[in-house]
Amino acid sequence: MTTPARYEVFEREFRRLVKRGAELRKLATGCEWAEGPCWFAEHGYVIWSDIPNNRILKWSPGEGMTVFRQPSNYTNGHTRDRQHRLVSCEHGGRRISRTEPDGSVVTVVDNYRGKRLNSPNDVVVKSDGTIWFTDPPYGILSNREGHQADSELGRNYVFRFEPAHNSLSIVADDFDKPNGIAFSPDEKVLYIADTGMSHRSDGPHHIRAFDVGTAGKLEHSRVFAEIDPGMADGFRVDTAGNVWTSAGDGIHVLNPSGTLLGKILVPERAVANCTFGGQERTTLFITATTSLYSIEVAARGAQTP
Ligand code: MG
């Protein structure tokens, strides 16, 4: 199903980032909660998680929607490392896993000093190979998106894993529920969402920005942008440093100063995440509650690969 894209424009520069007359295409539907889109340029497909249904789905122009992996250990966010391997957050396995070239799935990290992780939510790999991820409790709160269990850590940390030394360190310990995570194109700034707000509580619903110091230390914490309506479950950055984030009513585009430039409205209750793909990385794939959408934009995704 294809509909003309609907935008809300707040700043003129937004018009240079989107395409007049672009269409919002609903590529696939039937999910219960769609999250974690990840693009495979060499195969021309996108995968994403349907968390409550414990599966990873795949969409390509030729085949449409097919099942990529089921059961999936309730994966949530995905990314790829510099060796092009799929790196995934698993609620069920309470771990970061990696899919090897032969298809086997191995544990990258599943504990901090002997205590199990909560339920890793979103992940990014830096150019030096370190793996940065958020660890809120959404996957252990109930059996809907994982296996209900107590938190062994008792806190919701943001972690940095260094494969070379097999070492896991806490980079932020003052989040309510850390969630989406992405670097600026030069990797000097790290953006992390806090999605503590729920239908039962007020809590934060913003993205924070940090300067990335030496040895992976995060410095100069500041609130980058409040997200309203909804929350920044996941986001990506374009080559100019603009942040394309999920929100309650669609995709919000923020410039590097945190100014809301405009919105791409999506006709579903909530948008969970997005990623750039397509041959030129100018296709924005959007996971929104039950469906996967795409829209051509005039910006290019910054992530590698
Ligand atoms: Mg998330």
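The values are calculated or read from the model by the stated rules, or taken from the named source; none is laboratory data. Source: prediction; values computed, not measured. All Cβ positions, glycine included, derive from the backbone under ideal geometry; neighbour counts span all protein chains shown. Accessible surface areas use protein heavy atoms only, side chains included; no ligands, DNA or RNA. Shrake-Rupley method; radii C 1.70, N 1.55, O 1.52, S 1.80 Å.
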Neighbour-limited loop hits for chymotrypsin sites (Phe, Trp or Tyr not before Pro), segment 7-90 (at most 11 other Cβ within 10 Å; DSSP other than H, G, I, E, B): none
Quick one: among Pro61, Pro229, Pro267, which has the greatest mean-square fluctuation in a GNM of the chain with alpha-carbon springs under 10 angstrom? Pro61
How large is the Rg to Rh ratio of segment 2-296 when both quantities use alpha carbon positions and Rh follows Kirkwood? 0.93
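About the Cα centre of the chain, what is the dipole size in debye to 20, counting +1 per Lys and Arg Cβ and -1 per Asp and Glu Cβ, all else neutral? The partial results should precede the final answer.
Numbers: 35 positive and 38 negative charges, 76 e Å.
Roughly 360 debye, rounded to the nearest 20.
Within segment 3-37, report the trypsin sites (Lys or Arg not before Pro) that DSSP leaves as loop and that have at most 11 other Cβ atoms within 10 Å. Don't skip to the end; give the middle numbers.
Numbers: sites: Arg6, Arg12, Arg15, Arg16, Lys19, Arg20, Arg25, Lys26; in loops: Lys19, Arg20.
Passing both the DSSP loop test and the Cβ count: Arg20.
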Given the options Ser49, Ser60, Ser291, which has the most mean-square fluctuation in a GNM of the chain, springs set between C-alpha atoms less than 10 angstrom apart? Ser60
Accessible carbon and sulfur surface of the chain relative to its total accessible area, %, 1.4 Å: 46
Mind listing which trypsin sites (Lys or Arg not before Pro) in segment 166-230 are in a DSSP loop and have 12 or fewer other Cβ atoms within 10 Å? Lys188, Arg200, Lys217
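Please compute the net charge surrounding Thr282, taking Lys and Arg as +1 and Asp and Glu as -1 over other residues with Cβ under 15 Å from its Cβ. All intermediate terms of the calculation are to be shown ahead of the outcome.
Details: positive: Arg16, Lys19, Arg20, Arg25, Arg236, Arg281, Arg300; negative: Glu23, Asp238, Glu280, Glu296.
That sum, taken over residues with Cβ under 15 Å, equals +3.
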Keeping every protein chain present and rolling a 1.4 Å probe, give me the accessible area per residue for segment 96-173 in Å². 46
Cα to Cα, under 28 Å, and not fewer than 8 places away if on the same chain: which lysines meet these conditions relative to Lys115? Lys126, Lys177, Lys217
How many angstrom lie between the C-alpha centres of segment 85-114 and segment 1-20? 37
Picking from Thr287, Thr66, Thr79, which is most flexible by a Gaussian network model of the chain using Cα springs under 10 Å? Thr66
